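Below: one structure, written as structure tokens.
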Amino acid sequence: MDRDATLYCPNSSCQAPNAERSKFCQRCRTLLPKRYLWAIEPGRSSDELPEMLDDRYILKHDRVYLDTYPGILPHVPEQVPPEIRAYLRLFPYRWHVPQIYGSASPTVDSTEADTPVIWLLENAPIEPRSNGTWRQYPHIDLAWSQVDDLHKLGWLWQILNLWTDCVREGVASTLLDSQQVRVDGSFIRIAQLIPDTGSHPPGLDKLGYLWSRWVPTTKPPLRDFFDQLCRYMIEGQLHTPEQVQTVIDRAIDRLKTTRDYRWQVTTLSDRGPSRSRNEDACFPLTEKPDPPRSQVLSIVCDGVGGHDGGDIASGLAISTVSAHVHLPDGPAPSVSTQSRADKLERVRDAIAIANDVIGQRNNDEQRQGRQRMGTTIVIGQGEDNDLFISHVGDSRAYLVNARAFYSLTVDDDVASREVRLGYAFYRTAVHQPAAGSLVQALGMGASNHLYPTTQRFIVNEDCIVLLCSDGLSDYDRVEQHWKTELQPILNQTTSLTSAAHRLVEIANTQNGHDNVTVGLMQLQVLPRPNQTIESADLTACLVPLPNAAAAPIDSSHATVAANTNTAIHPRRRSFVLPVLAISVPLAILTGVFLPSLIERFVGRTNLTQESDRNLPVDRPSNDAAEIQLEDRTRIDSAQTTSATLKVGQQLMLRRPLVAYPDKIETSPPLDGAIPSGAIVQVKAIDKTLDRHWLQVRSCPQDLALEPNRTASTASSNGEDSTQLEASDPIPSTAIVPTEQPEGIDIWVEFESLNRAGYDLYTPPPGQVWSCDSP
């Protein structure tokens, strides 16, 4: 089924019907968005979907719907259902993972409470074509044998990059279903998320088994390396994503010697028609690109602070970061002398130094409140087939290839934070008050409260990278014009310089409210003659196998940066008191409380502890609240559903639990901060948000059960106790206290606690431990 549809003009004053193949409205010439959406029914299996949903979505084929009213906001519920929250929390991976567009009912009468909901996903692996048609991107099984070895390894690397966060969100099974993993050139695209089943998440051995299916269709020189890599994963010799990525990176570095990577860069900045001065800045200052080279650097900054120094802040950021990151002339340094992790760390250090320089200038000039100057920043580094993108604020980075367009950054604003925390849908969040308010920028606070996002992308085909300030990106101008202004660079029908001028013109004529700055980076990939790789060259990349070191704490992807010491008051961004009220205390708590917490619970020493003081977390006003367990938490088969979780109760954890220093997840989560078997006490319950939060304290004495005895829970009167299975008296050695640090209050989400599993705990007679005791 693929019938033509009628599209209604998104212009509210027109709304004329148009043929699906039309690019513009035939009456008013408004651009007609073609939104092909992927339909899912979480928890249900339905092979037949209705031909029309909500009188606006028409079925094109299989699960692909077209929105015939693209000018009308889609329907979404007020609260985010748990079954689709993973899509929102994986918002930082939106170039891989589709996002929720809206919901619809498969029946005309949708008033029934049990009416199934069909969710429609945007940015699914569906390619709209210029002639008004569309196609689905191929799944990896079909595409594997059709591409070169560098593309294959790039896909594997991206799957591993998604693995940890997919495990955390309970959707790692997605990456084990090859039908859900689709490919677009260098990029992996996910069709839909598949929830994990069972009590434990799948391991990397399962991924090894899946990959081993592709060994027979893999040709030399990659085949022997790939076969052995899968064996090592299945046997457990490589059991962390970082280990496997290290080995794959070695092979990529060998194979990329058969390619010639040519980068060029141009930048252009303009004050715009409505501004008296230009507070943007860029690097390098060149409209005409230099000759192609293997490595380039481009930076775009957008100063904030109006007449009080936005141009000074952006200029300081450019000069500081470019001095610390600027790549020297000549060949790129070898991977052995400067690893990719070192490069990302160098960028983070440069951003921190720039932040301190601007902050010190503010302090020296005694700037306070709205007088303080700051700047956003986005940095692009191209080196061979590596693309490094770093940013703070709402200046953006985009990538365009011969088929598609990708937004590579997520704004550091209130709306994006709400989405990635799983609190709100993006289309709803952006219409809320202060949705565009920045939550961080350079120069507004101490560097230990700054969380720049740093990311690495592997690109093995011609592409264009666009860096820009919001003078261009506002009102979706890039989304509207990438095909006409950026793709022609790839087929050499226009130049980098001409495209930069054209983008600035679009910003000034169609937006015109702000300064505008663009940086364009072009990559051309050419074969290098007389360069061959033997199978032995790649199998040598497996020796020695990398050690299973702990994954470093990284600010990329999952980190939600939302900490600022001082409100930012730019000329166009609204910083309201609620944001300030959250940001200031949170910044203090994060800088002082977080390092101590990590060191106490997991023994990590790679964070500098700023102070030995432990600041208490404010207790919510409803600390006497309780949560009805109902059927969401099974304590025992005989347990009634009238049990409650109350303040003061102690819990024994079945699996490690993710904790946060505050109930608003604006700091990096402390994965595994509370180990399995630990006993915690509920100190407070906060039910003011759409999710329930518990403030808990880890008891200072851990309880180790005697071997061959297991804990169980039983209750006949609504009260729960943990008992040993043996009926004989409990010996004094059955429970042994071990050294634990004194209790610290931290926050956990009830649903996370539910997934981890716990037992309501009552100490056996004669063994009374107080979680309040040192």
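The values are calculated or read from the model by the stated rules, or taken from the named source; none is laboratory data. As the structure is a prediction and not an experimental result, all values here were calculated from the model. Because the Cβ atoms are built from the backbone with ideal geometry, glycine has one as well, and the counts that use them run over all protein chains shown. Surface areas here come from the heavy atoms of the whole protein model, side chains and all, with no ligands, DNA or RNA. Shrake-Rupley method; radii C 1.70, N 1.55, O 1.52, S 1.80 Å.
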Straight-distance crosslink candidates among lysines, where the alpha carbon sits under 24 Å from Lys256 and sequence neighbours closer than 8 are dropped: Lys152, Lys219, Lys343
Sequence of His391, His326 from largest to smallest accessible area, 1.4 Å probe: His326, His391
Long-range HN-HN contacts of Asp462 with modeled amide H, under 5 Å: Val525
By accessible area with a 1.4 Å probe, ligands and nucleic acids excluded, highest first: order of His324, His239: His239, His324
Phi to ³J(HN,Hα) by Karplus 6.51 cos²θ - 1.76 cosθ + 1.60 over the range 240-250, Hz, x for Gly, Pro: 10, x, 5, 4, 5, 4, 4, 5, 5, 4, 4
Residues whose placed amide H lies under 5 Å from that of Asp412, excluding near-sequence neighbours: Gly393, Asp394
Accessible-area composition of the range 183-233, carbon plus sulfur, in percent [1.4 Å probe]: 51 percent
In Hz, Karplus ³J(HN,Hα) per residue of the range 138-149 (6.51, -1.76, 1.60; θ = phi - 60°; x = Gly, Pro): x, 6, 5, 4, 6, 7, 4, 7, 9, 10, 7, 5
Projected label distance in nm at Arg3 and Thr257, using a 7 Å step from Cα toward the beta-carbon: 6.0 nm
From phi via Karplus (6.51, -1.76, 1.60), per-residue ³J(HN,Hα) for the range 362-379 in Hz, x at Gly/Pro: 4, 5, 4, 8, 6, 7, 10, x, 5, 7, 5, 9, x, 7, 8, 7, 9, 10
Efficiency of FRET from Cβ geometry, Asn754 and Ser498, R₀ 60 Å, rounded to 0.05: 0.60
Built amide H within the under 5 Å cut-off of Lys60, gap 5+: Tyr65, Leu66
Met652 accessible area, 1.4 Å probe, all protein chains in place, Å² to nearest 10: 20 Å²
Spacing of the two label points (7 Å from each Cα toward its C-beta) at Thr532 and Arg655, in nm: 5.0 nm
Debye log10 I(q)/I(0) at q = 0.09 Å⁻¹ for the range 419-543, Cα point scatterers: -0.46
Where labels lie 7 Å past Cα in the beta-carbon direction, separation of Ser319 and Asp349 in nm: 2.2 nm
Full-extension gain in nm, Ser22 to Gln368, via 0.36 nm per residue minus C-alpha separation: 119.2 nm
Hits among lysines - C-alpha to C-alpha of Lys60 under 26 Å, sequence gap 8 or more where chains match: Lys23, Lys34, Lys483
FRET E, pair Gln15, Glu48, Förster distance 35 Å, beta-carbon r, rounded to 0.05: 0.65
Solvent-accessible area per residue, Å², over the range 367-525 with all protein chains present [probe radius 1.4 Å]: 27 Å²
